[in-house]
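Notes follow once the structure below has been shown.
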Amino acid sequence: MTTINQELLDQIIKFQIDIRRFEAGLKKEVQVKLEKMQRDLIVELSGGELTEFSKKKTQALLSNLSPVLANHYAGIEETVQDSLDGLSKVQVRQAEKSLKTTVFIENAVNLPTQHVIERVSRNVLINGGPLNDWWQKQRADTLFKVSAQIREGILFNETNQSIISRIIGKNGAPGVMNLARNNAASLVQTVTHAVANEARQAVYEENDDIIKSFVWTTALDSHVCRLCIARSGKRWKNDKSHTPIGHSIPFQVPGIHYNDRCVLLPETLTFKELGVDLPEPPISTRASSLGPISAKSSFSDYLKRVPVSQQNEMLGVGRAQLWRDGKITLSQLLDGKGRELSLVQLQSKYGVTKITKIAPPAIIKKAVVPSKFVEAKTTRAAEEWAIASNLADNADYKGVDVRVANEWNKGLHFHLKEFPELRKNQKFTGTIQGQNKLWHELEAKKVAEYQRSHGLKKDLSDTDLLSWAKRMVRKRKAGGEMAHSWRHKDVSGIAVNKKFGVDHDKFVEIKTKNVVSKYHAQGTESVKSVVDHEMGHELDALLGLRGDADVVNLYKSFNREEVTENLSKYGSTNIAEFIAEAWSESLNNAKPRDISRRMDEIIRRRYREKFGG
């Protein structure tokens with residue numbers, strides 16, 4: 001039945017190509033997460049000149065890096081594990097189909113239990129170590145190397161940028177993160193093929209009444225190491241001991257080393273051994289138009305034998321043509337880049353429509369801002385810190401008291417640490433006037449671009465056209481509000497009115513009078529409490545709080561006078577201000593009252609339910 005085994009080899013090869021594409025997509029996901037980790041590391045290193053840090057402060061900085069890496073690597077591990085859980089089920093389905101169409105014809109194929117399938121993806125070993133240990137090793141190694149580069153950079157009195165370059169690389173010189181990305185990609189490649197092989201093997205071993213032995217083939221790998229060359233073509237019985245046939249090499253399921261892409265090809269019983277009265281097909285031939293082919297054929301040999309149309313279907317028209325023209329190597333041909341397959345696409349292609357996800361361990365999301373707030377000495381420095389710390393895309397505190405700018409940054413920093421999903425809407429922080437100015441400039445550019453793209457105002461230079469557009473766009477002006485939360489696709493975020501922000505003490509005095517008069521909630525005399533109020537609006541928008549049943553019931557359980565007495569007069573205006581005032585009091589009153597305490601519980605619970613953490 002060698003011919004049927006070779007038909008199986010064809011199907012395995014086709015599936016392995018899709019696994020390479022799936023692997024490429026998973027690598028891409030992991031690289032994105034590592035890029036986010038790199039940005040977080042840069043933020044952590046932007047809290048002041050590192051060479052001016054005391055020994056104690058430097059140690060505190062290095063200690064802060066550990067949870068940053070731990071959270072990101074935990075997220076990477078979760079993503080990879082979810083993908084492997086899905087891959088193992090797809091591989092089982094593909095193995096079942098390939099056996100049924102080549103060996104079993106219309107007979108049922110025995111499948112491993114759900115427990116065995118889950119164990120395949122959860123208990124996979126790489127060089128004798130579980131996957132979790134490998135991720136922990138990479139995390140620890142990256143932390144060690146990052147810390148070492150920081151210490152060495154400080155020792156040589158380097159600038160922050162030079163130290164950061166040691167970590168992220170510069171001008172072609174690799175940094176610590178380059179190595180981290182390479183190590184992660186290599187682990188993803190290794191474990192992807194290991195899980196696929198183990199899942200396929202689990203199916204084969206459930207069908208030992210038909211599959212009598214296994215043969216090691218290197219046909220699917222463009223580079224073969226000595227370990228695999230020694231095993232190429234070797235056979236083992238499909239019994240409990242996996243007895244070697246004609247040699248003494250112990251049985252192992254590939255991969256047996258990093259980046260191993262070898263597979264085990266099943267050998268089935270002959271018709272005579274099965275008790276079927278049919279003539280045996282000639283040895284080493286196959287029931288197809290390709291003619292004789294050896295089980296030891298290389299993947300390159302296999303590709304040269306199949307029709308061009310099949311090459312194009314498996315590899316993509318452009319890439320297959322480049323390979324035929326000798327412009328790319330076999331390794332480049334098979335890397336899957338540019339033709340990535342997601343888990344959902346792989347499931348769909350092989351008819352696996354329902355995958356039960358194994359619940360992953362809880363992952364606490366970490367903010368993308370520094371662990372500690374740093375007070376600035378000038379408004380310019382406050383703007384720079386806000387940008388460097390990833391509080392917002394743009395910052396403009398011109399014309400306000402530096403103490404106001406610091407409290408604004410402090411409040412925003414707190415919220416982005418606690419609720420990192422809020423960052424998506426923070427495109428601007430600073431004054432309302434600065435926000436309006438940025439909006440006006442962007443709108444004017446849009447008008448100018450429209451005129452130019454439609455062939456209008458041809459007589460104007462670019463500079464004159466932009467000046468004309470600025471005159472056409474009506475400027476926005478700040479009103480009498482202390483601050484606002486503005487959701488706009490270009491300049492969204494919270495901003496303070498310069499009229500109040502210009503004098504910190506006066507601002508606090510006004511707030512204090514408002515608290516005494518019950519217009520604002522108890523404990524909200526500070527400038528930071530204004531930030532907290534506006535971020536309450538941001539949380540409302542993010543979580544849909546004003547439509548939340550618990551929030552609505554809380555709001556409706558009090559009449560206007562009761563809200564004024566137990567929260568604030570401003571909170572009785574509508575449900576939006578009710579939410580914002582209650583949230584601000586919960587963060588600023590040493591003993592939050594019932595409404596504020598309950599609002600705090602609802603908001604934190606809803607955030608955890610939606611985003612985890």
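The values are calculated or read from the model by the stated rules, or taken from the named source; none is laboratory data. Note that the structure is a prediction, hence the values are computed from the model and not measured. Glycine also receives a Cβ, built like all others from the backbone with ideal geometry; neighbour counts cover every protein chain displayed. For accessibility, only protein heavy atoms count, side chains too; no ligands or nucleic acids. Shrake-Rupley method; radii C 1.70, N 1.55, O 1.52, S 1.80 Å.
Of Lys410/Lys506; Lys458/Lys489; Lys33/Lys372; Lys137/Lys349; Lys55/Lys372, which sit over 25 Å apart, Cα to Cα?
Values: Lys410/Lys506 19 Å; Lys458/Lys489 29 Å; Lys33/Lys372 23 Å; Lys137/Lys349 35 Å; Lys55/Lys372 17 Å.
Going by Cα-Cα distance, Lys458/Lys489; Lys137/Lys349 fall outside the 25 Å limit.
Once the whole set of protein chains is in place, how much accessible area is left on Trp486, using a 1.4 Å probe, in Å² to the nearest 10?
Accessible area of Trp486: about 40 Å².
So which lysines pass the test for Lys304, namely a Cα distance under 23 Å, with those fewer than 8 places away in the same chain ruled out?
Lys14, Lys296, Lys327, Lys337
To the nearest 0.05, how large is the calculated FRET efficiency for Leu62 and Arg605 if R₀ is 41 Å and r is the Cβ-Cβ distance? Write out the running numbers ahead of the final one.
On the way: r = 34 Å, r/R0 = 0.84.
Calculated transfer efficiency: 0.75.
Which FRET efficiency, nearest 0.05, do Lys304 and Lys349 yield, Cβ-Cβ r, R0 35 Å? Don't jump to the answer; show the numbers that get you there.
Details: r = 25 Å, r/R0 = 0.71.
Computed FRET efficiency for Lys304 and Lys349: 0.90.
Relative to the first principal axis of the alpha-carbon coordinates of the chain, what is the inclination of helix 379-388, with its axis defined by its Cα atoms, in degrees from 0 to 90 and to the nearest 10?
For helix 379-388, the angle is close to 20 degrees.
Quick one, which of [x] 99, 63, 58; [y] 94, 64, 53; [z] 78, 71, 55 is the actual Cα extents along the principal axes in Å calculated for this model?
[x]
After finding the eigenvalues of the alpha carbon gyration tensor for the stretch 68-165, what semi-axes result from the square roots of 5 times each, listed largest first in whole Å?
Values: eigenvalues 434, 30, 21 Å².
Value: 47, 12, 10 Å, ordered largest first.
Using a Förster radius of 22 Å, what is the FRET efficiency between Ser557 and Val516 based on their Cβ-Cβ separation? Nearest 0.05, please.
That pair, Ser557 with Val516, gives E of 0.25.
Ala230 to Lys28: extension gain in nm, 0.36 nm per residue of separation minus the Cα-Cα distance?
Fully extending the segment from Ala230 to Lys28 adds 69.4 nm.
Quick check: the angle from helix 462-472's long axis to the longest principal axis of the chain, C-alpha only, nearest 10 degrees?
60
In the chain, what percent of the accessible surface is made up of carbon and sulfur (1.4 Å probe, ligands and nucleic acids excluded)? All intermediate terms of the calculation are to be shown ahead of the outcome.
Working: 15120 of 29080 Å².
Ligands and nucleic acids excluded, carbon and sulfur give 52 percent.
Once label points are set 7 Å from the Cα along Cα→Cβ at both Glu78 and Lys14, what is their separation, rounded to one decimal in nm?
3.7
Please give the peptides 510-520, 417-427 ranked by average Cβ packing (other Cβ atoms within 10 Å per residue), highest first, as a rough proxy for protection.
Values: 510-520: 16.3, 417-427: 17.8.
Ranking the peptides 510-520, 417-427 by packing returns 417-427, 510-520.
Please compute the alpha carbon radius of gyration of the stretch 406-547, then divide it by the globular-protein estimate 2.2 N^0.38 Å. Two decimals is fine.
Numbers: Rg = 18.7 Å, N = 142, 2.2 N^0.38 = 14.5 Å.
Here the Cα radius of gyration is 1.29 times the empirical estimate.
For the chain, what is the calculated [θ] at 222 nm in deg cm²/dmol (nearest 500), taking -39500 (n - 2.57) for each run of four or more DSSP H residues and dividing by its residue count?
Values: 24 runs with 350 residues, N = 613.
Counting only the DSSP helices, I get -18500 deg cm²/dmol.
Might you tell me the accessible area per residue for the chain, computed with a 1.4 Å probe and given in Å²?
Numbers: 29080 Å² over 613 residues.
Spelled out: the 1.4 Å probe surface of the chain, per residue, equals 47 Å².
For Leu125 and Ala173 in the same chain, what is the full-extension length gain: residue separation times 0.36 nm, less their Cα-Cα distance, in nm?
Numbers: separation 48, 0.36 × 48 = 17.28 nm, distance 3.35 nm.
Separation in residues times 0.36 nm, less the Cα-Cα distance, equals 13.9 nm.
What angle do you read, to the nearest 10 degrees and between 0 and 90, between the alpha-carbon axis of helix 2-44 and the longest principal axis of the chain?
Long axis of 2-44 versus the principal axis of the chain: about 20 degrees.
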